[in-house]
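Read-outs: derived from the displayed coordinates by stated rules, not from any lab. Computed from a prediction, not measured in an experiment: that's the story for all the values here. Glycine also receives a Cβ, built like all others from the backbone with ideal geometry; neighbour counts cover every protein chain displayed.
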Amino acid sequence: MKVVKFGGSSLSSGEQLKKVYQIVTSDPERKIVVVSAPGKRSPEDTKVTDLLIQCGDSYLKNGHCGDEAEVLIERYASIARDLELPQHVMEEIRSNIKEVLESDRTDAEKYMDTVKASGEDNHAKLIAAYFNKMGSKATYVNPQDAGLYVSDEPGNAQVLPTSYESLLKLRDYEGIVIFPGFFGYTKEGKIATFSRSGSDITGSILANGTKAKVYENFTDVDAVYSVNPTIVNQPKEIKELTYREMRELSYAGFSVFHDEALIPAFRAGIPVNVKNTNNPSAPGTLIVNERENTNGPVIGIASDKGFCSIYISKYLMNRELGFGRKLLQILEEHGISYEHVPSGIDDITVIIRESQMNSKDEALIVERIYDELHADNVKVERNLAMLMIVGEGMRQNIGTTARASKALANAGVNIEMINQGSSEVSMMFGVKGSNEHKAVEALYNEFFVPVAAL
Ligand code: ASP
């Protein structure tokens with residue numbers, strides 16, 4: 001039995017839904033189908049989830065929302081028209097959207113989660129109606145009825161481990177199960193969503209709970225690429241990669257698959273197959289526990305902007321017990337989590353996401369580091385990009401760092417910092433944000449393009 005998830009762009013129009021129907025019904029093992037809300041039909045389009053957020057915000061501020069609600073309803077209505085669905089389907093969706101927008105707003109965060117979740121919830125009902133109309137028995141299943149319970153963290157919920165046992169019962173449904181992604185219920189019976197793009201997480205949880213053979217994640221690209229295709233033209237596709245490699249890549253900017261979505265599938269040893277709704281016969285990318293290393297040291301290169309470094313130096317830092325802890329505690333007290341901490345004998349750098357520290361916090365933090373830790377020098381640098389080269393093969397290959405730093409030097413990119421991940425499957429380079437693209441291209445040419453082709 002397979003769990004299949006379709007992303008928003010795969011479900012954005014009637015035409016896309018017809019492809020989805022073909023894909024699901026062409027393989028009897030595709031039994032549990034997790035769906036997103038309708039996504040973009042073109043690059044300029046707006047996702048239903050974003051329309052819902054705009055409407056919810058207006059309701060919170062003004063007690064009503066303008067045209068956005070109609071635009072939103074029309075997204076479903078146009079799909080229902082294309083698929084010639086019975087009228088009651090759209091009537092129910094229309095009244096549900098109105099009801100949700102007008103629901104209790106005393107707790108703004110919980111209200112917003114309920115509004116956001118309605119995007120997938122209504123779409124799952126519509127899709128189930130379509131499958132039934134086409135003659136395939138399909139049942140919409142609500143996450144609460146299935147026992148998908150999550151922590152009470154609005155917009156960032158985590159699955160509660162007890163859910164897994166209940167989810168096994170999804171196997172008992174006759175026909176196909178259509179399950180809305182992106183949210184679960186708290187123990188108090190309130191809706192809580194995962195972080196954005198969280199339908200991937202739902203699919204992975206369901207694959208684990210139902211002990212699926214494979215988790216197929218359908219999106220709009222043929223495969224996971226070895227580098228961001230908006231930076232390098234037609235990069236190499238990755239056929240197979242390990243959970244660890246995928247996790248490292250998606251953390252640093254690979255947006256094909258949510259970085260939290262791997263864990264449930266990984267724990268149950270279920271392979272994840274990323275595939276294309278618009279080209280379903282392409283094999284896609286398979287994410288597995290172990291793979292053969294036939295590709296050289298590096299499988300992928302990821303990069304992301306928006307980082308900031310806090311550099312601290314103090315003579316004899318290495319002899320001081322608890323320096324790192326006290327430093328991180330200061331950051332913790334300001335609600336900041338760190339990404340990397342490369343260190344030397346007398347210095348340490350903490351890398352954080354820039355968005356976590358405004359200039360007021362920055363001044364306070366720097367002052368506390370001088371006062372409480374008696375640092376000699378503290379320097380904050382903003383607008384950094386982090387590049388990650390990732391590959392299980394790096395453990396066996398000597399000289400990967402040398403090759404990478406030489407490629408960056410030849411491209412005229414100064415390396416602000418280097419950090420090798422403890423797992424030895426990733427290496428991080430910090431560069432100025434303005435050098436990001438140049439640096440990625442240089443690394444791609446070094447590790448993926450045969451010398452003769454350059
Ligand atoms: N619709 C939600 C979002 O846009 C969740 C998802 O698509 O996975 O974030």
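Ranked by Cβ crowding within 10 angstrom, fewest neighbours first, how are Asp304, Asp104 ordered?
Asp104, Asp304
Using a 10 Å cut-off around each Cβ, can you sort Glu29, Glu44, Glu120 from fewest to most neighbouring Cβ atoms?
Least crowded to most crowded, the residues run Glu44, Glu29, Glu120.
By how many degrees, 0 to 90 and rounded to 10, does the Cα axis of helix 199-209 deviate from the longest principal axis of the chain?
Long axis of 199-209 versus the principal axis of the chain: about 80 degrees.
Under a point-charge model restricted to the Cβ atoms of Lys and Arg (+1) and Asp and Glu (-1), what is the dipole moment magnitude of the chain relative to its Cα centre, in debye to the nearest 20?
1080
Tell me the angle of helix 323-333 to the major Cα principal axis of the chain, expressed in degrees between 0 and 90 and rounded to the nearest ten.
40
Averaging sequence separations of C-alpha pairs under 8 Å and six or more residues apart, then dividing by the length of the chain, give the relative contact order as a whole percent.
About 13 percent, as a whole number.
For the peptides 256-263, 5-12, 186-193, what is the packing order when you average, over each peptide's residues, the other Cβ atoms within 10 Å and list the highest mean first?
Final packing ranking: 5-12, 256-263, 186-193.
Pulled fully out, how much extra length does the chain show between Leu60 and Ser42, if you take 0.36 nm times their separation in residues and subtract their Cα-Cα distance?
So the chain would gain 3.6 nm between Leu60 and Ser42.
So what is the calculated 222 nm ellipticity per residue for the chain, using -39500 (n - 2.57) for each DSSP H run with n of 4 or more, over all residues, to the nearest 500 deg cm²/dmol?
Counting only the DSSP helices, I get -11500 deg cm²/dmol.
For Ser197, Ser118, what's the fewest-to-most ordering of other Cβ within 10 Å of each Cβ?
Ser197, Ser118
Enumerate cysteines in the chain without a disulfide-compatible partner, where compatibility requires another Cys Cβ under 4.7 angstrom.
Among the cysteines of the chain, those whose Cβ sits 4.7 Å or more from every other are Cys308.
Tell me the angle of helix 436-448 to the major Cα principal axis of the chain, expressed in degrees between 0 and 90 and rounded to the nearest ten.
90
With label points built 7 Å along Cα→Cβ from the Cα atoms of Arg382 and Arg353, find their separation and express it in nm.
It works out to 1.7 nm between the two label points.
Hey, how many Å between the Cα centroid of the stretch 176-237 and the Cα centroid of the stretch 394-416?
33
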